[in-house]
1. Using the structure shown, decide if residue 52 is modelled with pLDDT under 85 and either under 16 Å from residue 75 (Cβ atoms) or under 39 Å from the mean Cα position of the chain (by Cα) (or both).
2. So for segment 130-141 (the condition being open to solvent by 80 Å² or more (accessible area, probe 1.4 Å), within 22 Å of the chain's Cα centre (by Cα), within 23 Å of residue 203 (Cα to Cα) and not aliphatic (A, V, I, L, M)), does at least one residue qualify?
3. Kindly establish whether residue 189 is assigned to a strand (DSSP E or B) and open to solvent by 60 Å² or more (accessible area, probe 1.4 Å).
4. Cβ contacts < 6 Å: first residue free of Cβ contacts under 8 Å to residues at least 12 places away in the same chain, restricted to segment 46-61; second residue open to solvent by less than 30 Å² (accessible area, probe 1.4 Å) and in a loop (DSSP other than H, G, I, E, B), any location; separation 6+ or different chain. Result?
5. Filter segment 82-126 for residues that are touching a Ser or Thr at 6+ places or on another chain (Cβ under 9 Å) and farther than 20 Å from residue 171 by Cβ; which is modelled with the lowest pLDDT?
6. Residues of segment 142-155 being open to solvent by less than 70 Å² (accessible area, probe 1.4 Å) and not hydrophobic (A, V, I, L, M, F, W, C), which ones?
Amino acid sequence: ALTQSMDQIFTPESLIRIKEVYLEQLALEESGKDDPNRSVTLELEELHKDGSVILVEVVISFIRDTMLKATGVLTVTRDITKRKLTEQRISQLAAIVESSDDAIFSKTLDGIITSWNKGAEMIYGYKEQEIVGKSVSKLILPEMQKEMSWIFEKISAGQHINHLETTRIRKDGQRINVSLTISPLIDINGRIIGASTIGYDITERIRSETALQKANEEMKRIVKFNEA
């Protein structure tokens, strides 16, 4: 490494940014506004020996002469490639969640709602600021409180609940049929700290199925009457 020039370690764009920081330092010295302890933190791209590009966090401080004038730069570098990729995935996932027509929200094991997307707002009628911090029991019919207890027992045991068809209540008091998939939320220490819920409104489907069932029953009644 000692025989390499900086343009073999940093990408051209990153090298330009480092040179800009150094020129900024010289300008501060000329203006008399320099801080001897000044350092700058940047996120840059570096070239690995194998030719791949890695993302790094670089803390730049300055090598100084006896007069405290900057004569070069000292960089402390940390590889943040995995962190940035994780942040990118989280950002993409957040965008998907926010734009979904499905109701997607999270809650603590005490039933307190901690996040609420636009789909949940459309299906349940509550805006995010109205429901976050409130109990999920606002969505549960009084006669279905036992179901909520059963759900939290499952989640606390680390189990998933898939395609639970049930009834919920909107802000305007209207009852709706929903299909819910509920999963445990786990922190970095492996502890279950809450649950995430994905749900969609199946009210129209249930109505259609009920109407079809009634039509079939009526048809059977007519056929039976004619046969008699």
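1. Details: modelled with pLDDT under 85: no; either under 16 Å from residue 75 (Cβ atoms) or under 39 Å from the mean Cα position of the chain (by Cα) (or both): yes.
So residue 52 does not fit the description; no.
2. Step one: filter segment 130-141 for residues open to solvent by 80 Å² or more (accessible area, probe 1.4 Å), giving 134, 138.
With within 22 Å of the chain's Cα centre (by Cα) added as a condition, the list becomes 134.
Those still in the list that are within 23 Å of residue 203 (Cα to Cα) too: none.
For segment 130-141, residues open to solvent by 80 Å² or more (accessible area, probe 1.4 Å), within 22 Å of the chain's Cα centre (by Cα), within 23 Å of residue 203 (Cα to Cα) and not aliphatic (A, V, I, L, M): absent.
3. Working: assigned to a strand (DSSP E or B): no; open to solvent by 60 Å² or more (accessible area, probe 1.4 Å): yes.
Answer is no for this residue.
4. none
5. 97
6. Here is the first cut: in segment 142-155, the residues open to solvent by less than 70 Å² (accessible area, probe 1.4 Å) are 144-145, 147-149, 151-152, 154-155.
Answer for segment 142-155, where residues must be open to solvent by less than 70 Å² (accessible area, probe 1.4 Å) and not hydrophobic (A, V, I, L, M, F, W, C): 145, 147, 149, 154.
The values are calculated or read from the model by the stated rules, or taken from the named source; none is laboratory data. For clarity, every value in this text was computed on a predicted model and none was experimentally measured. As a convention, Cβ positions derive from the backbone with ideal geometry for all residues, glycine included, and neighbour counts pool all protein chains shown. Heavy atoms of the whole protein, side chains included, go into the accessibility calculation; ligands, DNA and RNA do not. Shrake-Rupley method; radii C 1.70, N 1.55, O 1.52, S 1.80 Å.
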